[in-house]
1. Using a 1.4 Å probe on the protein chains only, how many percent of the accessible area of the stretch 465-591 belongs to carbon and sulfur?
2. How much accessible area does Thr513 have with a 1.4 Å probe, in Å² rounded to the nearest 10?
3. Where does each of Ser333, Ser121, Ser506 land when they are ordered by accessible area, with a 1.4 Å probe and the largest first?
4. May I ask you to list the GluC sites (Glu not before Pro) in the stretch 467-570 that are in a DSSP loop and have at most 15 other Cβ atoms within 10 Å of their Cβ?
5. Roughly how many Å² of Lys608 are accessible to a 1.4 Å probe, to the nearest 10?
6. Past 20 Å, Cα to Cα: identify those pairs from Lys139/Lys395; Lys244/Lys474; Lys41/Lys244; Lys41/Lys228; Lys67/Lys139; Lys61/Lys139, in the order given.
7. Using a 1.4 angstrom probe on the protein heavy atoms only, could you order Leu373, Leu220 from most to least accessible area?
8. If packing is taken as the average count of other Cβ atoms within 10 Å, what order do 350-356, 300-306, 134-140, 28-34 fall into, highest mean first?
Amino acid sequence: MPTVQDWINNSLAVVDGLFAQSNSSPDWEKKVVEYFKEKLKINDAHTWVPSLNDVPLHYLKPNSLVKFRCMVQDMFDPEFFMGVYETNDPTSNSKQVKCGKYKDITEGGQVDFNSRNMVTSERQTFYCVPIPGESQWAKESYASTNQARVVPSTSFVPNRHKRSYEEDNEMDTQPQQMKDVSQGAQRSTESHGNTEPKRQETEAPSHDSSQSHCTSSLDLNFPLPGEKGPACLVKVYEDWDSFKLNDMLEVFGILSVDPALSVIADEREASSLLDPTEGMETVEEQRVHSPPASLVPRLHMLYAQSLVQNNPLLLSSAPENNDLSGALGELASVRAELLTYLTHVLMGDSLAAEYLILHLISNVYSRRDVLPLGKFTLNLSGCPHSSPYTEHLYKVIQQLVPSSYRLCMSLHNMNNQRMVPRKDYTANRLVSGTLQLANNTSLFLDETQLEQGQLDATGVRNITALGNLISWQKVDYDFNYHQMEFPCNINVLITSEGRSLLPSDSQVHLQPTLNPPNLEEYLSAVQVAQVPSQLTKYRIYLSVVRALNYTISDEITKAVEEDFVEMRKDDPQSMSAEDLHRLLVVARLLSLSHGQNTLSRDGWMKAKQLEALRISRSQQQKCVNGNEP
């Protein structure tokens, strides 16, 4: 059987070997997947697999096993390929049956298209990007656990650097021998509604000579501005209906960056110039679906693990599967330390610090009809306008959560930024927007940056999209002729001077008890005082408690109902059904924050006291600011 070096460094040869041993047995494909799954389970073998997130592409060997931590940004059309084909060797007049799976090009002589051994198969293509807004500490932690040692691939680098960008720009093609095999016309209904027949798999993309080619001109379609990292075309061979748009995945697959693809592309390009009917796609679609393999590599999926969260400090992708007994015992002390830290960050306001903890552990755990249960959007009002305070506060949040993004709600950003993803039918792709985020991302909306002025049509649409995200935890993607609703699970924190113009589940007006002479120096000192081991505890704590299951006993449910009736007895207006819902959410989060997965009478009383303090502060603020809504 292959050695460790073989199954990682030359995975495609292992696949070919298993195919050869199968004697055309129909279950050989399952055996390939099982083989690699078993290998990855042994002695943390997955940590020996190089990661596209950490290792430059030119250090990775073609046809080797790599992994990629990513989000599914788009889903392209299914495509047909030769799963099994037969080649003729003219010199020896011999025939050989070969495996075409996990490959972009055929090998070993001329393909016999009339062979009875030919098997046409189907695969799906996902366009995947690094997880948007992933924190630097999370990236570094993932990289530190990876034990793969790689050196530049001598078989790949020279070819890659010999070619100009123009030559490299149309690398992703299927082999010339497959020109009679058409690409599947069936559209992915997950993100596309178009069912028109698509180009043949081997048809050459047209070359636009007027286009100025440079690396920076290739739009990798990242949802967030300024993002870096590889994008990847992931070829999926089975169970692709189990994946959804915006899913976080860790994909293990065979890397394909073969320079021979460029040679085939050049030949096909020349033929398409002679015969215009060769190209069925628009130039824009060819650029999107066939980007340079040196910039957007192909990854042929063997196995993919869905990531419930992307905190590398937890043992597995599903926190509820971890042994939390040790962690739960330490939760009380970690919570107290985190509360002290956030109180300092919020300049002595311990009530705001309590609510910030509740916000950070909130999570949409279920949906009742259209109502998302568990969300807790927090509006921290009273933030100074002309100071770097909100920027420092975001840096604190960024150091605590695995993924986050700060959206400065300036008039320019509101009127110009694309927030809602839209379908581009010309390029046949989903153009990403700022709100195309993975679940459990923390979205920091800085409303202190909003100045006076007029919102245009784009600005109004963006404000509406943010409101829908907060209220319903959904984003309506723009498909030109209709909108498609995509549910999400995004923690939204709003900082503002007065009450936010956006809806929220709870508003806390900051009341600082500290007035440092130099705010920036003070906040920097507070952050520096947190040693790495302490931050690690906070990060684990927040991920663990938000994953805990929560229940309310019949006894407590009855007590809450009686309490609700009692509170409304003297003044029915003092406690509405909406107020009760908010109180139950606060009680749930407060219990979980203490490591308790059920509501107790004591927990209910503490939640009532906390809400009473917050409401009292809000009423005081309304008295101070008569114009406050």
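1. Whole-percent figure for carbon plus sulfur exposure: 51.
2. Taking all protein chains as shown, Thr513 has close to 100 Å².
3. Ranked from most to least accessible, the order is Ser333, Ser121, Ser506.
4. Numbers: sites: Glu485, Glu497, Glu520, Glu521, Glu555, Glu561, Glu562, Glu566; in loops: Glu497.
Passing sites in the stretch 467-570 are Glu497.
5. The accessible area comes out at roughly 50 Å².
6. Working: Lys139/Lys395 16 Å; Lys244/Lys474 15 Å; Lys41/Lys244 25 Å; Lys41/Lys228 30 Å; Lys67/Lys139 14 Å; Lys61/Lys139 22 Å.
In this structure, Lys41/Lys244; Lys41/Lys228; Lys61/Lys139 lie more than 20 Å apart at Cα.
7. Leu220, Leu373
8. My ranking of the peptides, most packed first, is 350-356, 300-306, 134-140, 28-34.
The values are calculated or read from the model by the stated rules, or taken from the named source; none is laboratory data. Remember, predicted model here, so these are calculated numbers, not experimental data. Glycine also receives a Cβ, built like all others from the backbone with ideal geometry; neighbour counts cover every protein chain displayed. With ligands, DNA and RNA removed, areas are computed over all heavy atoms of the protein, side chains included. Shrake-Rupley method; radii C 1.70, N 1.55, O 1.52, S 1.80 Å.
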